[in-house]
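Step one of this worksheet: look at the structure below.
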Amino acid sequence: MNRRTHRRAAVLGSPITHSLSPALHRAAYTALGLTGWSYDRFELTEDGLPGFLGGLGPEWAGLSLTMPLKRAVIPLLDGIGETAAAVEAVNTVVLGPDGHRRGENTDVPGMVAALRERGVDRVPAAAVLGAGATASSAIAALAQLCDGEVTAYVRGPERAAEMRGWGERLGVPVTTAPWDEAARALGAPLVIATTPAGSTDPLAAAVPPRPGILFDVLYEPWPTPLAAAWSARGGRVLGGLDLLVHQAVLQVEAMTGRAPAPLAEMRAAGEAALAARPV
């Protein structure tokens, strides 16, 4: 392969072996006829990020970032987009031919697109489970979708203050409640769960008889106990694959300059990769 036409991209984070991003991006390259493109994954923590970025050559087109790098990368970039700046979280780095590093956030528009695909254009109120980079992205998405108050259920007063701060910054009325009251969140018209695997498992028994919409950002294990209980009660459920596919579509378009990215092919690749994993 001619090195001048070979373009590279990858997902970085820790842990990373579970990531479906390679399956999605590679499917996009195939559908778009980008035969000279490759997409890999690298286990990387905050300490290793500066050295990794410094070693990238001109063949690199972009990076996808997951935990714990979404905020750690910001000081290492030449600029960031408006959405990334608003939530102080970068999940996409677009690399120019001159080495310029620009950070973007596709989680926010990806979350909005996933909800709208399921017919969720407006909600009267919402609840967010958890804090952190994904939770701040959820608040930013709700700024476009929610007409009323957002309640964030968090652990500790420091996290509570952070979430109220995000609400002020993003123009969303956010109130906070302690995590031990998280069962109350399940009565909201829209619940966005942003916590790590296992965190919401005890809430499965508290799903109301007629639940609204649950957006659980996990995709492995899937369904989570909460998502399974929600579906069993007749509620609508969106999962992490919905978010992953929609944010990856935007990443592919930003990194390759080709639009629209092939949503259906990327979703099918993600579903096939998940189905192939041992139970």
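The values are calculated or read from the model by the stated rules, or taken from the named source; none is laboratory data. The structure displayed is predicted, hence computed values, not measured ones. Cβ: placed from backbone, ideal geometry, glycine included. Neighbour counts: every protein chain shown. Heavy atoms of the whole protein, side chains included, go into the accessibility calculation; ligands, DNA and RNA do not. Shrake-Rupley method; radii C 1.70, N 1.55, O 1.52, S 1.80 Å.
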Check on Leu274, open to solvent by less than 50 Å² (accessible area, probe 1.4 Å), at pLDDT below 95 and farther than 22 Å from Leu145 by Cα = yes
Leading residue by the ranking (most open to solvent (accessible area, probe 1.4 Å)) among those in the stretch 165-209 that are touching a Pro at 6+ places or on another chain (Cβ under 7 Å) and under 22 Å from Gly119 (Cβ atoms) = Gly187
Among residues of the stretch 1-39, those that are open to solvent by 40 Å² or more (accessible area, probe 1.4 Å) and either under 20 Å from Gly57 (Cβ atoms) or assigned to a strand (DSSP E or B) (or both), counted = 10
Out of (1) open to solvent by 20 Å² or more (accessible area, probe 1.4 Å); (2) at pLDDT 95 or above; (3) of a type in the set (Gly, Ala, Ser), what's the single condition that is false for Gly103?
-> (1)
Somewhere in the stretch 209-220, is a residue basic (Lys, Arg), modelled with pLDDT of 95 or more, in a loop (DSSP other than H, G, I, E, B) and closer than 30 Å to Thr83 by Cα?
-> no
Is the stretch 210-219 home to any residue that is small (Gly, Ala, Ser), open to solvent by less than 20 Å² (accessible area, probe 1.4 Å), farther than 19 Å from Ser137 by Cβ and in contact (Cβ under 8 Å) with a residue 24 or more places away in the chain?
-> no
Residues located in the stretch 115-133, provided they are open to solvent by 40 Å² or more (accessible area, probe 1.4 Å) and on the phi < 0 side of the Ramachandran plot | Arg116, Glu117, Arg118, Asp121, Arg122, Pro124
Is one or more of the residues making up the stretch 40-60 in a strand (DSSP E or B), open to solvent by less than 10 Å² (accessible area, probe 1.4 Å) and not charged (D, E, K, R)?
-> no
Considering residues that are more than 20 Å from the chain's Cα centre (by Cα) and outside any loop (DSSP other than H, G, I, E, B), the number found within the stretch 74-94 is 3
Do we find that Ala141 is crowded, with 24+ Cβ neighbours inside 10 Å, modelled with pLDDT under 95 and in contact with a helix residue (DSSP H, G or I) (Cβ under 9 Å, 6 or more places away or on another chain) in this structure?
-> no
List the number of the failed condition for Gln247; all other conditions in (1) in a helix (DSSP H, G or I); (2) touching a strand residue (DSSP E or B) at 6+ places or on another chain (Cβ under 6 Å); (3) among the polar types (S, T, N, Q) hold.
-> (2)
Report, ordered by the first and then the second residue, all pairs with beta carbons closer than 6 Å, sequence separation of six or more or different chains, a first member in the stretch 228-248 that is over 11 Å from Val207 (Cβ atoms) and acidic (Asp, Glu), and a second member that is open to solvent by less than 20 Å² (accessible area, probe 1.4 Å) and modelled with pLDDT of 95 or more.
-> Asp242/Ala114
Please enumerate the residues belonging to the stretch 161-208 that are closer than 17 Å to Ile139 by Cα and of a type in the set (Phe, Trp, Tyr).
-> Trp166
List the pairs whose first member sits in the stretch 67-90 and is at pLDDT 95 or above and open to solvent by 30 Å² or more (accessible area, probe 1.4 Å), whose second member is part of a strand (DSSP E or B) and of a type outside the set (Gly, Ala, Ser), and whose Cβ atoms are under 6 Å apart, counting only residues at least 6 apart or on separate chains?
-> Asp78/Arg101
If the Cβ limit is 9 Å and pairs must be 6+ apart or interchain, which residue in the stretch 113-130 that is under 12 Å from Arg236 (Cβ atoms) pairs with which residue that is assigned to a loop (DSSP other than H, G, I, E, B) and open to solvent by 10 Å² or more (accessible area, probe 1.4 Å)?
-> Leu115/Asp121; Val123/Asp147; Val123/Gly148; Val123/Ala188; Val123/Pro189; Val123/Gly212
